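Before any comments, here is the structure.
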Amino acid sequence: MSFHPSRDYALELDKQDKLASYRDQFVISDPNLIYLDGNSLGRLPKVAVERARQIVEEEWGKDLISAWNKGWWEAPARVGEKIAQLIGAGPGQVVVSDTTSVNLYKLTMAALAQNPGKKRIVTDTLNFPSDLYVLQGCVHTLGNHHEIVRIGSRDNDLTPDLTALESAINKDTALVTLSHVTFKSGYLYNMKRITDMAHRNGALMLWDLSHSVGVIPIALDECGADLAIGCTYKYLNGGPGSPAFLYVNKSLQEEVASPIWGWWGQNRPFAFGLDYEPAQGVNRFLAGTQPMLSLLTMETALDLVLQAGLTAVRTKSVLMTEYASFLTDSLLAPFGFSLGSPRDPAKRGSHISLRHPDGYRINRALIDEMNVIPDFREPDNIRLGFAPLYTSFTEIWEGFDRICRVMEEKKYEKYPSKRLTVT
Ligand SMILES: Cc1ncc(COP(=O)(O)O)c(C=O)c1O
């Protein structure tokens, strides 16, 4: 695909964009803001505003406790079925619950209990740190009898070393767990290939879909994945802290146990029996009361992705990351930037990283002075996330143009290298 670095060319790409009309379905309160952080927190869908009002005023305000009988109690399973459509899961395998970290804990503990004789967990250093912490916590809780093997990268953290991954997965491996799309470089694992690798050695495979759900067609059932988790506040636009989801393959459901035996995961919660009996199927991985305001708002937000369809979403996403890679090479390379993401779109999610030794200070200048919001990830990555439902090509072009201005005018030089907390 050949591109041109002019603004007119970006306008032309927008004219041809079949998803362009979706942008109007989001709240864009500042049209001059270049928001390239939908891979961290998706924009607010207009339908979610009205739905949130309705949940608060009508359901909570008027129905009070009886709202649990009008669709609240079933919401984790009902919304799970909607998410299932986005991740290639047949019915009865997905529920919405808790956070991604908590779900990883629940599924890791369940997986390790399945394979008590095996003591190895394989992951990689490109994984989201919280995932690594949760794994370490599980090992600690289980008495430090397991070892965590972390595969590295041989190209400065762009891609994982697949040869090392293959040799690390051995007959002693209980669990392989990876982020489907890695959070810094955006590397996209081949789900089928890696799942097969785990299964050849009798290990279970657990995918973290946080950076791929809603932006990449996923086929968990077809790939034979055992377990998966993911969040809903990135490309699903569920809102800050909206609850996460988990997937347990049907074939495993009656064998595995949650490590948290709460009443939502009990077979007959309203019998209030004194002893725990697991619920049928995936519902046993629920623990306690779910955040209804957030869960139900997220349910509405999901409809936009379902309507647009993941094939169209992925086509636009690939075009956007290709275009941004081109702009990196043509406009930013002269300022010392390099692309910190795979060049092959088949191995890339919907964000790219720009690497620069002054990345942190440049990111600060973009946010404070240029009305551009990317985010920064250590040590030198400025991440740009592209959300096909509302990011336009002109917005991408404008973002790159403003980065050029920061560099030409050396705006970043006045910022200290000391880090702020979030972006
Ligand atoms: C890939 C990945 N996994 C896990 C998490 C942690 O999610 P939570 O804070 O919902 O536990 C995140 C958060 O951004 C993430 O990006």
(message) For region 166-197, give me each residue that is aliphatic (A, V, I, L, M) and under 22 Å from the mean Cα position of the chain (by Cα).
(response) Leu175, Val176, Leu178, Val181, Leu188, Met191, Ile194
(request) Would you be able to tell me the number of residues in region 156-174 that are in contact (Cβ under 8 Å) with a residue 40 or more places away in the chain and either in a helix (DSSP H, G or I) or within 16 Å of the ligand (Cβ to nearest atom) (or both)? (result) 3
(request) Report, by residue number, each residue of region 59-98 that is assigned to a loop (DSSP other than H, G, I, E, B) and aromatic (Phe, Trp, Tyr). (result) Trp72, Trp73
(message) What's the total number of residues in region 253-276 that are touching a residue at least 24 places away in the same chain (Cβ under 8 Å), touching a strand residue (DSSP E or B) at 6+ places or on another chain (Cβ under 8 Å) and not hydrophobic (A, V, I, L, M, F, W, C)?
(response) 1
(request) Considering only region 20-66, state which residues are of a type in the set (Val, Ile, Thr) and free of Cβ contacts under 8 Å to residues at least 24 places away in the same chain. (result) Val27, Val49, Ile65
(message) Looking only at residues that are assigned to a loop (DSSP other than H, G, I, E, B) and not aliphatic (A, V, I, L, M) in region 278-303, which one is nearest to Gly262 (Cα to Cα)?
(response) Gly288
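Rundown of residues vs (1) within 14 Å of the ligand (Cβ to nearest atom); (2) under 19 Å from Lys250 (Cβ atoms); (3) in contact with a Leu (Cβ under 8 Å, 6 or more places away or on another chain), yes/no style:
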| site | (1), (2), (3) |
| --- | --- |
| His180 | yes, no, yes |
| Asn190 | no, no, no |
| Arg193 | no, no, no |
| Arg200 | no, no, no |
| Leu204 | no, yes, yes |
| Trp207 | yes, yes, yes |
| Cys223 | no, yes, no |
| Gly230 | yes, yes, yes |
(message) Restricting to region 237-263, count the residues that are crowded, with 24+ Cβ neighbours inside 10 Å, more than 11 Å from the ligand (Cβ to nearest atom) and hydrophobic (A, V, I, L, M, F, W, C).
(response) 2
(request) Could you pull out the residue among Ser153, Ser97 that is more than 16 Å from the ligand (Cβ to nearest atom) and touching a residue at least 12 places away in the same chain (Cβ under 8 Å)? (result) Ser153
(message) Just to check your reading of the model, which residue among Leu126, Leu104 is over 25 Å from Gly239 (Cβ atoms), surrounded by 18 or more Cβ atoms within 10 Å (Cβ to Cβ), within 16 Å of the ligand (Cβ to nearest atom) and of a type outside the set (Phe, Trp, Tyr)?
(response) Leu126
(request) Among the residues of region 251-304, write down those that are within 27 Å of Glu58 (Cβ to Cβ) and of a type in the set (A, V, I, L, M, F, W, C). (result) Trp263, Trp264, Phe270, Leu286, Met292, Leu293, Leu295, Leu296, Met298, Ala301, Leu302, Leu304
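Any read-out appearing in this document is the output of simple, stated calculations on the displayed coordinates, not a laboratory observation. Please read these numbers as outputs of a predicted model, since none were measured by experiment. Note that each Cβ is placed from the backbone with ideal geometry, even for glycine, and that neighbours are counted across all protein chains shown.
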